[in-house]
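Down below is the structure, laid out as structure tokens.
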Amino acid sequence: MKRTFDYISILKIATVQVVIFFLVMIFFNIESVWTLIIALALVVALVVLSKAYGKQSASIIEFFTANKPTVLTVLIVLLFLYPLISPLMIRQNTYWLLVLIQTGIYMILALGLNIQLGSTGVLNLAVAAFYGIGGYTAGLLSLRLGVPTIITLPLGGIVAALFGMLLYVPLYKTKGHYMALVTLAFGIMIVLALDNTEFTGGPQGLMAIPELKFFGYSFLSKPGGLHFYTNYYYFVLVLVLLSVLVSYWFYNSWVGLTLSSIRDDEIAAKCFGVNANIWKGIAFITGNVMIGIAGAVYAHMIGFISPPNFSLAESLLIVAMVILGGLDNILGIIIGTIILSILPEKMRVITEYRVFLYGILLIVIPMFRPGGLLPFKPRKYHASVAEG
Amino acid sequence: MQDTNRRIFYSENLEMNFGGLYALAGINFEIFENEAVGLIGPNGSGKTTFFNVITGVYKATGGSFHFMNESLLGKEPYEIAKKGISRTYQSSRLCLKLTLLDNILIGMYNNQTAGYFSSIFNRKKLIAEVKNFKKRAVELLDVFNPELIPKLFNPVGELPQIDRRRVEICRAMAGEPRIILLDEPSAGMTPDETTELMDDIKKVRSTMKNVSIMIVEHDMSVISSVSERVIAINFGKEIAKGTYEEVSNHPEVREAYLGKEV
Amino acid sequence: MGTEAVIIQIILNGLMLGIQYALIAVGFTLFFGVLDIINFSHGDVFMLGAFIGLILINIFSKFEMMTGGASYILVLFLIFFLCMLITGSIGIFFERITVKRVAAGPPLMALLATLGLAIAIREAVRLFYPLGSESKRFPELLDPMFANTKEAFEISGVIIRYDNLLIFGIGVAVIIVVSLYINKTKMGLGIRAVAQDSEAAMMMGVNRDMVVDITFLIGSALAGLTGILNGLFYNSIIFDMGAMGAVIGFSAAVIGGLGNIYGAIIGGFVFSMTQALSAAFIPKGSEYMDVVAFGVLIIFLVFKPSGILGEKMHERV
């Protein structure tokens with residue numbers, strides 16, 4: 001069937017998204033505290049209004065959902081154009097570029113954790129420790145052995161997955177509280193071990209880790225005169241898109257269904273043929289590969305890593321991103337990550353209170369919105385499945 | 001009937017000892033092809049424990065049980081499920097947050113061929129299989145309650161009890177098992193719903209050739225309308241077997257339920 | 001040091017740390033018993049106890065009540081008592097506003113909420129106590145009591161301070177009082193009943209809400225006291241001392257058997273002795289002692305989750 005292009009709709013959607021795009025850049029530029037507060041108040045007001053005018057906002061949302069391909073295409077185009085436009089519009093462009101890259105890395109981490117926590121119900125409180133293992137693997141290999149980065153990245157993921165398998169027996173033998181405590185203790189052990197081992201640089205960690213380099217192109221070079229962060233921006237953007245795609249595909253497949261059945265009722269799943277132990281292992285490995293690769297990218301980009309980067313607090317932050325977004329809700333997790341990663345950067349003024357507010361957030365979400373930001377989405381597998 | 005049909009399941013002296021308490025104290029039990037057997041007994045007599053043991057959720061501490069002459073002793077639940085035994089649960093173990101469709105598809109786990117890597121690299125095969133399985137789910141729902149079909153993508157937790165039970169039964173049937181174990185399906189139902197349930201169970205047998213049903217129940221009207229033969233147990237041991245009339249009139253059975261005459 | 005001295009030193013370290021871990025673990029195990037929740041904020045209640053103790057000491061000093069003499073013991077007792085009372089009340093406050101509520105839901109959410117509460121308490125102290133991020137000197141309260149006698153004695157070359165013995169003694173005394181309370185009083189019976197089966201207990205007329213309140217009062221008061229004892233032991237307190245305290249506290253409770261008070265006590269000493277032995281006998285032990293101790297915890301969680309004294313539970317199918 002030939003698809004006809006509804007040019008009017010495309011134009012409407014594109015215009016809205018471009019406007020938001022520029023608003024976001026203006027948001028990055030805001031320096032005065034009062035303007036910031038007003039901006040945020042406006043956003044809150046918008047949310048409240050949309051609830052008050054329920055019907056109109058519902059039809060707007062439906063319009064966007066019905067034209068998903070357009071929305072996604074425009075979004076991706078804008079994301080690719082960003083580093084080309086931002087130097088012209090944003091004062092502290094380099095800083096915000098770094099923030100966006102870091103946010104992208106958190107998205108990969110959160111999506112990796114989601115496969116373990118959101119899909120399968122395995123509470124992995126050692127997620128930052130595995131992030132660290134990925135980083136240290138890449139760092140040690142490239143620093144001490146000169147291994148090219150095209151190998152250190154996947155190896156970061158593989159080694160993180162192997163370390164994850166140390167938890168295989170505890171994974172299937174423990175449930176609920178106890179599983180959380182096992183991963184908690186394990187994470188602390190890893191960080192303590194990293195802190196006390198000379199081989200990994202002890203408390204100072206690793207320094208001067210080489211940058212990413214593929215086929216002779218060094219990520220420290222300045223493409224077209226732009227800052228070298230631009231290289232990392234595009235690379236991480238591609239990785240994020242891949243992570244979203246892979247997560248989406250796994251969710252809308254037998255894999256996603258099996259993992260959900262283990263999460264929601266393990267005994268019933270087992271009685272229908274699911275070898276829950278193996279599947280938990282598979283989920284853990286899959287998640288850890290993503291988490292480890294994210295760690296490797298981080299190590300190469302920042303150039304130095306140390307044990308405090310991968311503490312329990314960091315694990316809790318990533319867990320919060322998944323919970324805030326909603327278990328197994330990919331869009332929700334993306335939004336949750338943005339809120340917990342970009343917003344605090346902007347709220348420099350409340351930097352002192354950041355951790356405190358974050359603690360309050362961790363109290364409030366489970367109490368009032370344990371389901372996450374966005375409402376539950378049924379699994380459709382594919383558009384063609386829902387029809388007929 | 002019983003004599004000409006093959007015996008597909010039997011247990012010998014099956015025991016389940018919980019730290020000194022014998023929930024099952026030597027059960028000898030048979031299930032034949034194409035029959036419906038009822039299992040009754042007062043609370044705590046071991047009925048659900050029996051189900052749990054033969055599905056591998058608890059590991060028997062003594063005796064043995066076989067399916068098609070293959071011993072299932074010590075096997076894990078997922079291994080036993082693959083052989084063709086499925087069940088429903090007293091407390092309805094559905095994934096309430098998942099859709100109707102998802103819940104029924106869980107029952108077809110053993111039929112899946114599109115695995116981990118197909119989810120990424122061969123989605124065409126996966127989606128074709130999903131559509132296929134969905135067809136079967138719709139066919140099953142059609143038998144029990146066609147009104148559920150438009151709700152295929154609603155969370156199953158939104159449904160009333162009787163419909164949830166139906167989804168559970170569909171899930172148990174979806175994988176085309178040889179034996180379906182129904183654990184107190186009428187629990188929590190109104191009398192009207194129970195009548196519908198009895199029809200549902202009859203539909204199970206008419207829809208699937210070659211399936212045997214074993215049903216644990218407290219509601220005797222369900223047992224008498226559905227089962228061809230009945231077994232009564234108490235304190236983990238068989239106390240009577242035969243037709244419903246024979247068993248319900250058996251003195252030991254009456255004593256177990258009603259107490260001794262003073 | 002000779003082997004005898006090494007052994008004595010290990011035992012000393014194990015005992016001094018163990019009693020503190022035990023006191024915190026008892027709180028954890030009580031909370032798990034009545035609410036089925038791992039309450040991470042308990043560690044930071046311990047920290048609050050230390051700071052509240054410090055504030056009380058400063059207040060009393062201002063009123064010049066901290067001079068020696070017979071009344072000194074009374075003043076000390078008053079400080080301990082007030083601290084326990086205040087911390088206990090704070091514990092009830094936290095329980096009412098969040099812990100009890102999240103305990104009713106999925107364990108994942110409850111865990112996160114108590115972690116969030118822990119973080120919030122810790123940061124609140126760091127932000128709102130003057131110069132909160134720096135460590136504070138904790139005065140040697142017990143020394144005036146030994147002003148006229150020696151401060152310490154010696155066995156095989158190992159110095160044992162009297163004030164440490166007193167710390168240990170206070171801890172032991174308090175634990176004994178709490179065990180007696182739980183085992184011999186009516187309210188204690190109520191606590192044990194709710195811990196076993198809260199619905200059955202309620203049907204027997206036990207006021208569950210009051211039981212939960214009292215449990216949090218006791219558990220938090222114990223943590224508060226431990227805060228002061230910890231301050232006396234190290235002569236220094238800092239806003240994040242509760243983080244490790246929480247993790248070690250519940251580790252001890254799990255090792256001993258969640259829900260069992262004697263288990264919590266045993267678990268506390270098992271954990272501290274593991275640390276002490278690792279520090280003494282493993283090369284670079286003092287750095288790795290926490291790693292070893294957590295390794296022990298994981299082994300328990302995986303192979304004997306019911307702990308040393310706990311009971312096995314079957315999941316209902």
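Here, each number is a calculation from the coordinates, and none is a lab measurement. Fair warning: this is a prediction, and the values are worked out from it, not measured in the lab. Cβ: placed from backbone, ideal geometry, glycine included. Neighbour counts: every protein chain shown.
Quick notes
- Note on B:91-97: average number of Cβ atoms from other chains within 10 Å of each residue's Cβ is 5.
- Residue ranges B:33-40, A:116-123 sort as A:116-123, B:33-40 when ordered by packing (mean number of other C-beta atoms within 10 Å per residue, highest first).
- For the protein assembly as shown, size of Cβ-based charge dipole, Lys and Arg +1, Asp and Glu -1, in debye: 2260
- Per residue of A:260-266, other chain Cβ atoms within 10 Å of the residue Cβ number 5 on average.
- Between B:Asn234 and B:Ile239, the built amide H atoms are under 5 Å apart, and every one of these is 5 or more places off in sequence or on another chain.
- Check: chain A dipole with +1 on Lys, Arg Cβ and -1 on Asp, Glu Cβ, in debye: 640
- 3J(HN,Hα) from dihedral phi, region A:375-386, Karplus parametrisation 6.51/-1.76/1.60, rounded to Hz, x for glycine, proline: x, 4, 10, x, 7, 10, 6, 5, 4, 5, 6, 6
- Relative packing of peptides A:298-310, B:13-25 - highest average C-beta neighbours within 10 Å first: A:298-310, B:13-25
- Lys, Arg +1 and Asp, Glu -1 on Cβ, resulting dipole of region C:3-303 about Cα centre, debye, nearest 20: 400
- In the structure shown, the pairs A:Lys51/B:Lys97; A:Lys51/A:Lys377; A:Lys173/A:Lys380; A:Lys12/A:Lys222; A:Lys12/B:Lys134; A:Lys270/A:Lys377 are assessed against 27 Å; a Cα-Cα span above that value is assigned to A:Lys173/A:Lys380; A:Lys12/A:Lys222; A:Lys12/B:Lys134.
- Of C:Gln9, C:Met202, C:Val75, farthest towards positive along the dipole that unit charges on Lys, Arg, Asp, Glu beta carbons give chain C: C:Met202
- Projecting the Cα atoms of C:Ile266, C:Ser278, C:Leu166 onto the charge dipole of chain C (Cβ charges, centred on the Cα centre) puts C:Ile266 farthest toward the positive pole.
- Across peptide A:363-373, the mean count of Cβ atoms from other chains lying within 10 Å of each residue's own Cβ comes to 5.
- Value at 222 nm in deg cm²/dmol, rounded to 500, when DSSP H runs of n ≥ 4 in the protein assembly as shown each add -39,500 (n - 2.57): -20500 deg cm²/dmol
- Mean Cα-pair separation over length for region B:146-247, i.e. relative contact order, pairs under 8 Å, 6 or more apart, %: 21
- Coupling constants for region A:252-261 follow from the phi torsions by the Karplus curve (6.51 cos²θ - 1.76 cosθ + 1.60, θ = phi - 60°), and in residue order they are 8, 7, 4, 4, x, 5, 4, 4, 4, 5 Hz; glycine and proline get x.
- Of the DSSP H helices in chain B, those whose Cα atoms cover at least 20 Å axially and whose Kyte score averages -1.0 or more: B:123-144
- Take every Cα pair under 8 Å whose residues are at least 6 apart in sequence, average their separation, divide by the length of region C:62-215, and the relative contact order is 13 percent.
- Charge dipole (chain A, unit charges on Cβ, about Cα centre) - positive-most of A:Leu257, A:Pro307, A:Ile338: A:Leu257
- Couplings 3J(HN,Hα) of region A:40-51, computed from phi: 5, 4, 4, 4, 4, 4, 4, 4, 4, 4, 5, 6 Hz, in residue order, whole Hz [Karplus 6.51 cos²θ - 1.76 cosθ + 1.60, θ = phi - 60°; x for Gly and Pro].
- Cross-link partners of B:Lys241 among lysines (Cα-Cα below 19 Å; sequence separation of 8 or more within a chain): B:Lys47
- Listed by number, the DSSP H helices of chain C that run 24 Å or longer by alpha-carbon position along their axis and have mean Kyte hydropathy of at least 1.0 are C:3-35, C:41-62, C:70-94, C:107-128, C:162-184, C:208-234, C:261-281, C:285-303.
- Each peptide in B:225-235, A:104-114 receives the mean, over its residues, of other Cβ atoms within 10 Å, and ordering these scores from highest gives A:104-114, B:225-235.
- Interchain or long-range residues, amide H under 5 Å from C:Lys136's placed H: C:Ile237, C:Ile238
- Neighbourhood charge, 15 Å Cβ-Cβ cut-off, centred on A:Glu198 and excluding it, Lys, Arg +1 and Asp, Glu -1: 0
- Of A:Ala276, A:Ala14, A:Ala52, the residue with the greatest mean-square motion in the GNM of chain A, using alpha carbon springs below 10 Å, is A:Ala52.
- Contact order relative to length of chain A, as percent, for alpha carbon pairs under 8 angstrom and 6 or more apart: 26
- Prolate/oblate/rounded label for region A:1-91 (Cα gyration tensor, a/c 1.5): oblate
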